[in-house]
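Engineer: Here it is: the structure, laid out below.
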Ligand SMILES: Nc1ncnc2c1ncn2[C@@H]1O[C@H](COP(=O)(O)OP(=O)(O)OP(=O)(O)O)[C@@H](O)[C@H]1O
Ligand SMILES: [Mg+2]
């Protein structure tokens, strides 16, 4: 029978903590995993156990750091014990998978059923498991498939509805993907335009090319930059954001490139610049359009050779950073006005991710609002929902401040609403936007009612103008002018 998880041979040191005697007989052993999968591992350990089979496992994954997890001993064999891990959290699982993938023997057999030569295929032709290990989505798909397999016979007793609940549980709770395709637990949206953004992030993240993120204020530029970093090989190295508009020009240079002690008045110590600090990771230059001309030239030079020269130093240091820049300004316009260097623009704009404004994201408006409503309700330990009027108001409002405005309005509503149902006024959305069409039709309605009432009153009063004026509560001259207006 095929395994449910890929297993590979490893030689990974592990510190095993065994509780043999209800806390009194704790023993520790430094040994190693000789094989490993996402669900457990084989440990080189003499089986000296009592009844308690729970073990603590501490191991250090190369490049990923130390992990401590709990597991249990399933069985003992002559050369060691087989362990099963208790629920690994998602982060530990993804990192473990990274390690397993690197240790896979990419020559021959299927790591599930051992059929030879299977690994050249995308799916094993004997056990049917997906062998496309290096695809970005492999682990997500695999976790889903193996979860369903583990349910095995039990699932036959489930109704379709139970099955959906389980799958939803896997998506949302286990894999934390839900509608947002695992870009980042916090990245919400399922409109076509935002799915397109997710797909671009997935494509560009594993490469090292610079990314230029554009979009109105509050559309998620920084979040996008983090998502790119998180999905890149650099994710365990620093992500260093700098807002070019928030730091005065003279300080920004020192902030980015660092300075030597005494390089200028006030430079009392050596300072490591952000480019050097981000070595191995990603630097995110927000509001790049605000960079002064002289810093634009310095940045361009840096991008050409990746050498940081501290202020006051005459030697440089090579660093390895990926640059992500963002702007809500129209850089092409700035170029045409001579405010932004064209050559720098082309260096930054190698891959452009354009974030759509919330008003163009259709159903995402309400998806975002509900997401933040749940989030803040949980944080404040209350239970709140939107009224139908609020849902309509959220859908018809344009959200000029984009996601940040959704966050602010929903947070305010959760705080100030007196009842558990949130009304448009709690969201500060109670004044419906007027469009010209409705104004015109209102006018038409008024005219037709006025005319109708005048005709009725004339008929009722046998065209006696004084009586008509009295019935309608207007003056006689007004009756005359209305007759003229409606040609009656
Ligand atoms: N799709 C999304 N799902 C959930 N939260 C989001 C989404 N997009 C943005 N946010 C949140 O909205 C807020 C604003 O996002 P962010 O700071 O990334 O926007 P920005 O485009 O950089 O804004 P600014 O131009 O004002 O700097 C943040 O709290 C961010 O986490
Ligand atoms: Mg920002």
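The values are calculated or read from the model by the stated rules, or taken from the named source; none is laboratory data. The structure displayed is predicted, hence computed values, not measured ones. Cβ: placed from backbone, ideal geometry, glycine included. Neighbour counts: every protein chain shown.
Engineer: Identify, from the list 377, 315, 336, the residue that is closer than 30 Å to residue 411 by Cα and over 18 Å from the mean Cα position of the chain (by Cα).
Structural biologist: Numbers: 315 fails: closer than 30 Å to residue 411 by Cα; 336 fails: closer than 30 Å to residue 411 by Cα.
Exactly one of 377, 315, 336 is closer than 30 Å to residue 411 by Cα and over 18 Å from the mean Cα position of the chain (by Cα), namely 377.
Engineer: Could you tell me how many of the residues in the stretch 202-228 are assigned to a helix (DSSP H, G or I) and either away from ligand 1 (no atom under 13 Å from the Cβ) or out of contact with any strand residue (DSSP E or B) (no Cβ under 7 Å at 6 or more places or on another chain) (or both)? Steps first, please.
Structural biologist: The first filter runs over the stretch 202-228 and keeps only residues assigned to a helix (DSSP H, G or I), leaving 202-204, 221-228.
With either away from ligand 1 (no atom under 13 Å from the Cβ) or out of contact with any strand residue (DSSP E or B) (no Cβ under 7 Å at 6 or more places or on another chain) (or both) added as a condition, the list becomes 202-204, 223, 227.
Within the stretch 202-228, residues that are assigned to a helix (DSSP H, G or I) and either away from ligand 1 (no atom under 13 Å from the Cβ) or out of contact with any strand residue (DSSP E or B) (no Cβ under 7 Å at 6 or more places or on another chain) (or both) number 5.
Engineer: Same structure, new question: Name the one entry in 58, 84 that is closer than 24 Å to residue 236 by Cα, at pLDDT 80 or above and surrounded by fewer than 16 Cβ atoms within 10 Å (Cβ to Cβ). Steps first, please.
Structural biologist: Details: 84 fails: closer than 24 Å to residue 236 by Cα.
Exactly one of 58, 84 is closer than 24 Å to residue 236 by Cα, at pLDDT 80 or above and surrounded by fewer than 16 Cβ atoms within 10 Å (Cβ to Cβ), namely 58.
Engineer: Let me ask you something else. When the residues of the stretch 364-383 are filtered to those that are loosely packed, with under 12 Cβ neighbours inside 10 Å and in a helix (DSSP H, G or I), which remaining residue is farthest from ligand 2 (Cβ to nearest atom)?
Structural biologist: Among those that are loosely packed, with under 12 Cβ neighbours inside 10 Å and in a helix (DSSP H, G or I), it is 378.
Engineer: I'd like to check something: does the stretch 308-317 contain any residue that is in contact with a strand residue (DSSP E or B) (Cβ under 6 Å, 6 or more places away or on another chain) and within 16 Å of ligand 2 (Cβ to nearest atom)?
Structural biologist: Going through the stretch 308-317, the residues in contact with a strand residue (DSSP E or B) (Cβ under 6 Å, 6 or more places away or on another chain) turn out to be 308-312, 316-317.
Pick out the ones that are also within 16 Å of ligand 2 (Cβ to nearest atom) and you get none.
Looking through the stretch 308-317, none of the residues is in contact with a strand residue (DSSP E or B) (Cβ under 6 Å, 6 or more places away or on another chain) and within 16 Å of ligand 2 (Cβ to nearest atom).
Engineer: Right, another one. Name the strands (runs of 3 or more DSSP E) wholly within the stretch 269-357 that hold at least 2 residues that are surrounded by 15 or more Cβ atoms within 10 Å (Cβ to Cβ) and touching a residue at least 12 places away in the same chain (Cβ under 8 Å)? Show your work before the answer.
Structural biologist: On the way: elements: 282-286, 307-309, 316-318, 322-327, 351-354.
Per the criteria, 282-286, 307-309, 322-327, 351-354.
Engineer: Could you grab the pairs with beta carbons closer than 7 Å, sequence gap of 6+ or different chains, first residue in the stretch 209-233 and closer than 19 Å to residue 280 by Cα, second one in a loop (DSSP other than H, G, I, E, B) and near ligand 1 (Cβ under 6 Å from one of its atoms)?
Structural biologist: 227/187
Engineer: When you go through (1) at pLDDT 90 or above; (2) farther than 15 Å from residue 96 by Cβ one by one for residue 50, which number turns out not to apply?
Structural biologist: (1)
Residue-wise test of (1) within 16 Å of ligand 1 (Cβ to nearest atom); (2) within 30 Å of residue 134 (Cα to Cα); (3) touching a strand residue (DSSP E or B) at 6+ places or on another chain (Cβ under 9 Å); (4) not assigned by TED's automatic domain parsing to the domain that holds residue 344.
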residue	(1), (2), (3), (4)
256	no, no, yes, no
265	no, no, no, no
304	no, no, no, no
320	no, yes, no, no
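Engineer: Let me ask something else about it. I'd like the full set of residues that are within 23 Å of residue 248 (Cβ to Cβ) and either within 16 Å of ligand 2 (Cβ to nearest atom) or in contact with a helix residue (DSSP H, G or I) (Cβ under 7 Å, 6 or more places away or on another chain) (or both), limited to the stretch 280-297.
Structural biologist: Step one: list which residues in the stretch 280-297 are within 23 Å of residue 248 (Cβ to Cβ), which gives 283-297.
283, 284, 285, 286, 287, 288, 289, 290, 291, 292, 295, 296, listed by residue number.
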